Amino acid sequence: MPLPTYRQLTERTDAPAGSSWHLFTDQPERGMANFAGPPQIRRAADAVVQGRAFNLDYPLDAFDPPMSKARGIPQHRITAKHDQARDDVLDNFHLQASTQIDGLRHRRASGHGFYNGVPDHEISPRSPRLGVQLWAELPLAGRGLLLDVEGLLRDRGTPLHHADGPALTTDLLDDALTEQGCDVEPGDLVMVHTGWANWYLTTTPEQRADTRDRRRATGFAQSRAFAAWCWDHRIALMATDTFAVEVLPVLESSDFHHSAPEDNGMMHQELIARLGLPLGELWNLTALVQDCRATGRWDSLLTVKPLNLTGGVGSPANATALR
């Protein structure tokens, strides 16, 4: 049976409105990652023509201190049992402090629970339910499609001013597709380049401190339109080089103040807990976008291999684009 449209999801009465709960019968706890299967991987292999590999992860300690005040950078210790051997230990290792992927444990749907109704007591260490290991045991892989929103707006003469934390509209995704001559295909792993992470890491210490203190970051406006774009295109991943994918602080015009009161209307609950969409944050897209601009090609074979941590909430992305 064909899957419903996002508008039909918002009219569901057998599950939370706007959710994809119980629609994926094969490996249901992988959520929208299920859209990228063997046919999509085989198709993505055609994108490898140059024989080049691009790392899409920033160092674990790149964001020092992290944008989230609840996280810290890992402290690396090297230990030795004797003078001919060395081992590593990471203390204070917050798995979502740098380039990351949010697992389906990261947010709960207010008033309903975790994705697919997994009960709260099963969201615990070493319990496999909704754990990020589900995307490690069967990695996310397929056609990576890069949308260059930063380049689009710069060429229009309206460059992004990241210090202001601008809100991006969903229309920009379609405009970038048109400008790049691309189409989204079911199962695509979509990456959106805004330039935010590169700006944050290269701006002045004073500007970084101000941005962090105000928790102000470029991102997409909290809207049903954005959720609909992701679901109706049947994408398997939405990754950006921004802090939270969505704009912060949350807009007063958010469509989700009622459904996500604990987060002041954040869109994370809609995307993660209701739709089951893997979210990538703080991705390093600088080198990849430069190659895409130079070649006029915007696709790649993208692999995302989280840590195989049973019951993990999130993980470093370990993302690689092959072209």
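Scanning the stretch 112-128 for residues that are open to solvent by less than 70 Å² (accessible area, probe 1.4 Å) and out of contact with any strand residue (DSSP E or B) (no Cβ under 8 Å at 6 or more places or on another chain) turns up Gly113, Phe114, Asn116, Gly117, Val118, Glu122, Ile123, Ser124, Ser127.
Restricting attention to the stretch 62-104 and to residues that are over 25 Å from Leu275 (Cβ atoms) and of a type in the set (Asp, Glu), the residue that is least open to solvent (accessible area, probe 1.4 Å) turns out to be Asp91. Within the stretch 29-44, being open to solvent by 50 Å² or more (accessible area, probe 1.4 Å) and not charged (D, E, K, R) holds for Pro38, Pro39, Ile41.
Total residues in the stretch 187-219 satisfying the condition of being open to solvent by less than 10 Å² (accessible area, probe 1.4 Å), closer than 20 Å to Pro66 by Cα and without any contact (Cβ under 8 Å) to a residue 60 or more places away in the chain: the figure is 4.
For (1) closer than 19 Å to Phe35 by Cβ; (2) surrounded by 24 or more Cβ atoms within 10 Å (Cβ to Cβ); (3) out of contact with any Ser or Thr (no Cβ under 9 Å at 6 or more places or on another chain), each residue gets a yes or a no:
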{"residue": "Glu252", "(1), (2), (3)": "no, no, yes"}
{"residue": "Ser259", "(1), (2), (3)": "no, no, no"}
{"residue": "Gly276", "(1), (2), (3)": "yes, yes, no"}
{"residue": "Asn318", "(1), (2), (3)": "no, no, no"}
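For first residues located in the stretch 6-17 and closer than 17 Å to Phe114 by Cα, partners that are assigned to a loop (DSSP other than H, G, I, E, B) and open to solvent by 100 Å² or more (accessible area, probe 1.4 Å) and lie 6+ apart or on another chain with Cβ distances below 8 Å form the pairs Asp14/His22; Ala15/His22; Ala17/Glu11. Among the criteria (1) outside any loop (DSSP other than H, G, I, E, B); (2) of a type in the set (Gly, Ala, Ser); (3) open to solvent by less than 20 Å² (accessible area, probe 1.4 Å), the one Ala225 does not fulfil is (3). For the stretch 166-185, the condition holds for no residue, the condition being that it is under 29 Å from Ala36 (Cα atoms), touching a residue at least 60 places away in the same chain (Cβ under 8 Å), touching a Gly at 6+ places or on another chain (Cβ under 8 Å) and of a type in the set (D, E, K, R).
This table checks each residue for (1) farther than 24 Å from Ala287 by Cβ; (2) assigned to a strand (DSSP E or B); (3) at pLDDT 95 or above; (4) among the hydrophobic types (A, V, I, L, M, F, W, C).
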site	(1), (2), (3), (4)
Ser124	yes, no, yes, no
Arg129	yes, no, yes, no
Val132	yes, no, yes, yes
Pro159	no, no, yes, no
Leu172	no, no, yes, yes
Leu177	no, no, yes, yes
Cys182	no, no, yes, yes
Val190	no, yes, yes, yes
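Residues in the stretch 282-292 that are open to solvent by 10 Å² or more (accessible area, probe 1.4 Å) and not β-branched (Val, Ile, Thr): Asn284, Ala287, Gln290, Asp291. Scan the stretch 134-153 for residues that are assigned to a helix (DSSP H, G or I) and open to solvent by 10 Å² or more (accessible area, probe 1.4 Å) and report the count. Final tally of qualifying residues: 5.
The values are calculated or read from the model by the stated rules, or taken from the named source; none is laboratory data. Worth saying up front: this structure is predicted, and the values here are computed from it rather than measured. Glycine also receives a Cβ, built like all others from the backbone with ideal geometry; neighbour counts cover every protein chain displayed. For accessibility, only protein heavy atoms count, side chains too; no ligands or nucleic acids. Shrake-Rupley method; radii C 1.70, N 1.55, O 1.52, S 1.80 Å.
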